[in-house]
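K.L.:
My structure is below; once you've seen it, I'll send some questions.
Read-outs: derived from the displayed coordinates by stated rules, not from any lab. Model, not experiment: these values are computed from the prediction. Cβ coordinates were reconstructed from backbone atoms using ideal geometry, including for glycine residues, and neighbour counts include every protein chain displayed.
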Amino acid sequence: MDSIITITNLIHHYGTHTALNDISFSVNRGEVLGLLGPNGAGKTTTIRLINGIFSPSSGSISILGMNPALQGEQIRRQTGVLTETPALYERLTARQNLDFFGTLADLPTPERHARINDLFSFFQLAERADDRVETFSKGMKQRLALARAALHFPQILFLDEPTAGLDPESANQVHEMILTARKKNGQTTILCTHNLHEAQRLCDRLAIMKKGQILAIGSLDQLRQQFSPGINLQVRLEQPLSMDVRGTIRKLNGVLRVEEAHSNLCELLIETESIIPDIAKHLVQYGARILALTPRKAGLEQIYFHLQNNGTAGAV
Amino acid sequence: MNMKHIISIAKKDLLEVRQNRAAWLPMVIVPTLLIILLPLAVILIPQHTALPMDDFVNDPDLQSFLAKMPESMAAVLEGKDEFQRMLILLLGYLFAPMFLIFPMMFATIVAAESFAGERERKTLEALLYTPTTDQELFLGKVLAAFIPAVGVSWISFVCYTLVLNIAGASIFHQVWFPLPTWWALIFWITPAIASLGIFATVLISARVKTFMGAYQTSSSLVIIVIGFMIGQISGVLYLTVGVGLLVGLVVWVISIVMYRLAVKSFKRDSLLVDAG
């Protein structure tokens, strides 16, 4: 894979506080990497360091082959950042806002104007383009801030809590826009979020952070393999299972665990989905009447809370 | 250094000031009071009332002021009647240091709005992610404060000149203002005072979180102007052409020192950390 960002043993201190404690990871061209973690995990600091806003206390960062501590301006030409708050000039119109940032990005005037109009159409803001931003709803401001981040055709997009504080409709709209923009332009995206559903929906890989450290990194499947191997199979029955039957099922190849969730509900941990027909067959043989069989892989939420609570590896 | 970036930042800041009534209203009200209403009152009221000129001319403080007055300033009063002398003294000499309030006040208002205001409204972070250098950001914002501070001061000077000559036409029968001392005041000390106000506000803004906090703290710099006024009224410091040039030089030197400190304080990393 073509790595576009490589971070090695990065440490950053704010005075005596250690914001990042020896983190290393890389980001591949065209992928969406999610940085997950509670407040204070170091997500925003990582973005600031990659963009050359801060210089790291130690360690190295290479982005597009450049060093942000020395080549901040050149890097910021190639990156777009959606900050945690929209950070828009509320007394100016939407068009004045984008025109100002487009000028600072050195977009030539005709191209800038055309690009701004395209973005207004894409983000459904064309009708309000010449209204002051202070009259906009929260969702509209967030869309305008996204348009600003994408204005200068950045190779890498950093999105810090893109849907924080938005209603579900607006959040969904923002998700769709991120997915469409990625599909259209193949942008590399780094997404910082608290929203696990959002991360699961948008990201190719996830880095779970806590107190300035990366606890785990990989695709959801890789994280499952590492921290929650197997599949949870929920079996709903007409009658509770007898101890004997539970014992027999437990002995089947590929069944790792059998637990009774409550009287008519049994939860099994199995290795693969392929043994589900065998389990069903045995249950029927022993006279059990199955109402439902629901296989369920461990969700990101399960893995995330496991890591946050236990610090590091270990099965969920 | 990219001049286009600097000009864009200055233009954006000026546009924001134009939209902020709390910032531009004082720039209209204060000059209107001081350069139109006050001189008109001084010129017109005595002509239409029976105010005794003797009381003013024989005032002991004024006598002391006149006695210590340098020759170059006294020469302007020669051959003038009592009313003309009163107008020259009040509007030509004693009001002169008051003019320095304009560049100081306007510079601190706009600089506080531009530096502390941007942080207060949390718009600074997006600006820091643009491909601009720290120097371009700094100079753009300085320019945004310098242009209105000096511009409004100079426009006020032109208006003051017109008001004094038009309202005083029937008294002087000639163009009597500006006096020679004003040239150094307007074109040498005014930009220096504006610069001093801006750089001091940048330094204050690095430590204060709000526009009003920065503006109120930097407003205390007006004490320098009040010092000039007291110095002149008390006969300690007469703003002659020579003194004006010297005072301007001192203010410029202090401004340059403050500029260096302000540039040092204006760094991306410290701006964001301080902003929380």
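K.L.:
Could you pull out every one of the lysines with an alpha carbon less than 30 Å from that of B:Lys80, ignoring same-chain neighbours closer than 8 positions?
P.N.:
Within the straight-line cut-off, B:Lys80 pairs with B:Lys68.
K.L.:
Sticking with this structure for a sec: With no solvent and one equal point scatterer per Cα, compute the Debye intensity ratio I(q)/I(0) for region B:230-273 at 0.20, 0.27, 0.29, 0.33 Å⁻¹ and report its log10, rounded to two decimals.
P.N.:
-0.70, -0.90, -0.94, -1.01
K.L.:
Using all alpha carbons of region A:1-157, what is the percent of pairwise distances in each 10 Å bin, ordered from the shortest bin to the longest?
P.N.:
10, 35, 31, 20, 4
K.L.:
Separate question: Let me have the relative contact order for chain A, percent, based on Cα pairs under 8 Å that are six or more residues apart.
P.N.:
Here the relative contact order equals 19 percent.
K.L.:
Further question: Taking only Cα atoms, what is the 0 to 90° angle, nearest 10, from helix B:38-48's long axis to the longest principal axis of chain B?
P.N.:
20 degrees
K.L.:
Quick check: the angle from helix A:168-185's long axis to the longest principal axis of chain A, C-alpha only, nearest 10 degrees?
P.N.:
So the helix axis and the longest Cα principal axis differ by about 70 degrees.
K.L.:
Mean separation of Cα pairs under 8 Å and 6+ residues apart, divided by the residue count of region B:159-276: what relative contact order is that in percent?
P.N.:
Rounded, it is 38 percent for region B:159-276.
K.L.:
Who wins for biggest fluctuation among A:Gly34, A:Gly102, A:Gly65 in a Gaussian network model of chain A, springs between alpha carbons below 10 Å?
P.N.:
Among A:Gly34, A:Gly102, A:Gly65, the largest mean-square fluctuation in the Gaussian network model of chain A belongs to A:Gly65.
K.L.:
Can I ask one more? Roughly how many whole Å is it from the C-alpha centroid of region A:97-112 to that of region B:205-219?
P.N.:
Their Cα centres are 31 Å away from one another.
K.L.:
Averaging over every viewing direction, what projected area does the convex hull of the Cα atoms of region B:158-276 cover, in nm²?
P.N.:
9.4 nm²
K.L.:
Under 20 Å between alpha carbons, and skipping anything fewer than 8 positions from B:Lys141 in its own chain: which lysines qualify?
P.N.:
B:Lys4, B:Lys11, B:Lys12, B:Lys122, B:Lys209, B:Lys264, B:Lys267
K.L.:
Quick check on the exposure proxy: order A:Val27, B:Val142, B:Val257, B:Val76 from fewest to most C-beta atoms within 10 angstrom.
P.N.:
Listed from fewest to most nearby Cβ atoms, that is B:Val257, B:Val76, A:Val27, B:Val142.
K.L.:
Can you give the Rg to Rh ratio of chain A, both from alpha-carbon atoms, with Rh computed by the Kirkwood formula?
P.N.:
With Rh from the inverse mean 1/r over Cα pairs, Rg/Rh is 1.10.
K.L.:
Which order do A:Leu166, A:Leu293 fall in if you start with the one that has the fewest other Cβ atoms within 10 Å?
P.N.:
Least to most surrounded, the residues fall as A:Leu293, A:Leu166.
K.L.:
Moving to a separate point now. Once both axes come from the Cα atoms, what is the angle between helix B:190-205 and the longest principal axis of chain B, in degrees from 0 to 90, rounded to 10?
P.N.:
40 degrees
K.L.:
Still on this structure: Could you list B:Phe177, A:Phe158 in order of exposure, starting from the residue whose Cβ has the fewest other Cβ atoms within 10 Å?
P.N.:
So the ranking, lowest neighbour count to highest, is B:Phe177, A:Phe158.
K.L.:
Pairs of lysine in region A:3-225 with Cα under 30 Å and at least 8 positions apart or on different chains: total?
P.N.:
13
K.L.:
If you don't mind, there's one more thing I want to ask. State, as an integer percentage, the relative contact order of chain B based on alpha-carbon contacts under 8 Å between residues 6 or more apart.
P.N.:
29 percent
K.L.:
Tell me, how many Å apart are the Cα centres for region A:245-271 and for region B:234-276?
P.N.:
Cα centroid to Cα centroid, the span is 79 Å.
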